[in-house]
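The values are calculated or read from the model by the stated rules, or taken from the named source; none is laboratory data. These numbers were taken from a predicted model, which means no experiment stands behind them. Every residue, glycine among them, receives a Cβ derived from its backbone with ideal geometry; neighbour counts consider all protein chains shown.
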Amino acid sequence: MNRVLLAIALFSISLLTSCIPHKDIVYLQNKNTATDSLQMMVEQQKPYRVQINDILNVRVKSIDQNTVSILNPIGEGNLSASSSERAYFDGFTVDVHGNIRIPTLGMINVLGFTTEEIEKMIEAKLLDEQFKETANIFVTVKLAGLRFSANGEVGSPGTQVLFQERVNIFQAIANVGEIPITGDRKDVMVIRQYPQGQQIHHLDLTDVNVMNSPYYYIQPNDMIYVKPLKQKTWGTGITGRETLATLVSVIGILTTTILLITR
């Protein structure tokens, strides 16, 4: 009987330890300093440099807008129409050689440049080949939305396009339905594309110092993967209540079995 009771006790302890601790589901915990201290987070985001398959929106303004109409999308006045699809068809896609093809200007290599640098490049080319300084050419270049994918333990896995200049990891996750309690917030993977290939970066969202990470802000074509916690596969319950219910059921079954055997 003592061995049976010991086995029940050990099993009960294993069940109780299988539920997910509170500290594993709370974001931005101050793990290194006192909770009432003031920390200044330094942003680590660097200017994004254009890569292959990016889509750029190019707009050219001039005193005489008719002279630059060929450089702008036909439906420019109706910018709200089917935003992501519009961006795809009206934008300039960076080809495998890092070039975009602009009317009257031809091929321009933009691989590895920032949007600000591309603006100056196009403006200089227009002034050199087609316009004078008095035309007051004004060029804007923007990414046609920030596209990223999220998989694993998130509410709505899939691809999202956000029309913002910058998006941090929390904003990205919020747009795909949040991480459920069974998701591993301590090791969120960001798979990022570089000219030489892909690299995997790891973020601990439960640590406030994640805001200092150079990967805190996502980039176009990032893939976010959230792993499931081990507790999800154990099947013993992910909350204290579920674990207690499982524990009570198991103890009841064991107790009934012991009584039937000893009779």
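Please verify whether Thr93 is crowded, with 18+ Cβ neighbours inside 10 Å, under 30 Å from the mean Cα position of the chain (by Cα), under 16 Å from Ile55 (Cβ atoms) and among the polar types (S, T, N, Q), treating the condition exactly as stated.
no
Go through region 147-162 residue by residue and tally those that are in contact with a strand residue (DSSP E or B) (Cβ under 9 Å, 6 or more places away or on another chain), over 22 Å from Arg86 (Cα atoms) and in contact (Cβ under 8 Å) with a residue 24 or more places away in the chain.
The number of residues fulfilling the criteria is 5.
Among the residues of region 97-104, is there at least one that is modelled with pLDDT of 95 or more, outside any loop (DSSP other than H, G, I, E, B) and buried (at least 18 other Cβ atoms within 10 Å of the Cβ)?
Yes, region 97-104 contains at least one residue that is modelled with pLDDT of 95 or more, outside any loop (DSSP other than H, G, I, E, B) and buried (at least 18 other Cβ atoms within 10 Å of the Cβ).
Can you find a residue in region 54-73 that is modelled with pLDDT of 90 or more, in contact with an Asp or Glu (Cβ under 7 Å, 6 or more places away or on another chain) and among the aliphatic types (A, V, I, L, M)?
Looking for residues that are modelled with pLDDT of 90 or more, in contact with an Asp or Glu (Cβ under 7 Å, 6 or more places away or on another chain) and among the aliphatic types (A, V, I, L, M), one finds none in region 54-73, hence no.
In region 152-169, which residues are under 16 Å from Gln219 (Cα atoms), surrounded by 15 or more Cβ atoms within 10 Å (Cβ to Cβ) and not aliphatic (A, V, I, L, M)?
Selection gives Gln160, Asn168.
So, in region 120-131, of the ones that are in contact (Cβ under 8 Å) with a residue 60 or more places away in the chain and outside any loop (DSSP other than H, G, I, E, B), which residue ends up farthest from the chain's Cα centre (by Cα)?
Here the answer is Leu126.
Could you please let me know if Asp207 is under 23 Å from Lys23 (Cβ atoms), among the charged types (D, E, K, R), surrounded by fewer than 17 Cβ atoms within 10 Å (Cβ to Cβ) and in contact with a Lys or Arg (Cβ under 9 Å, 6 or more places away or on another chain)?
no
Yes or no, residue by residue, for (1) assigned to a loop (DSSP other than H, G, I, E, B); (2) within 30 Å of Thr67 (Cα to Cα); (3) modelled with pLDDT under 90; (4) assigned by TED's automatic domain parsing to the domain that holds Asn72:
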| position | (1), (2), (3), (4) |
| --- | --- |
| Ser84 | no, yes, yes, yes |
| Ala87 | no, yes, yes, yes |
| Asp95 | yes, yes, no, yes |
| Phe113 | yes, yes, no, yes |
| Glu116 | no, yes, no, yes |
| Gly155 | yes, no, no, no |
| Thr159 | no, no, no, no |
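So in region 176-192, with the set limited to residues that are outside any loop (DSSP other than H, G, I, E, B) and of a type in the set (Val, Ile, Thr), which one is surrounded by the fewest Cβ atoms within 10 Å (Cβ to Cβ)?
Checking each candidate, the answer is Ile191.
Does region 132-146 contain at least one residue that is in a helix (DSSP H, G or I), in contact with a helix residue (DSSP H, G or I) (Cβ under 8 Å, 6 or more places away or on another chain) and either over 25 Å from Leu28 (Cα atoms) or free of Cβ contacts under 8 Å to residues at least 60 places away in the same chain (or both)?
yes
From the list Val139, Val188, which residue is in contact with a Phe, Trp or Tyr (Cβ under 9 Å, 6 or more places away or on another chain) and among the aliphatic types (A, V, I, L, M)?
Testing whether each residue is in contact with a Phe, Trp or Tyr (Cβ under 9 Å, 6 or more places away or on another chain) and among the aliphatic types (A, V, I, L, M) leaves just Val188.
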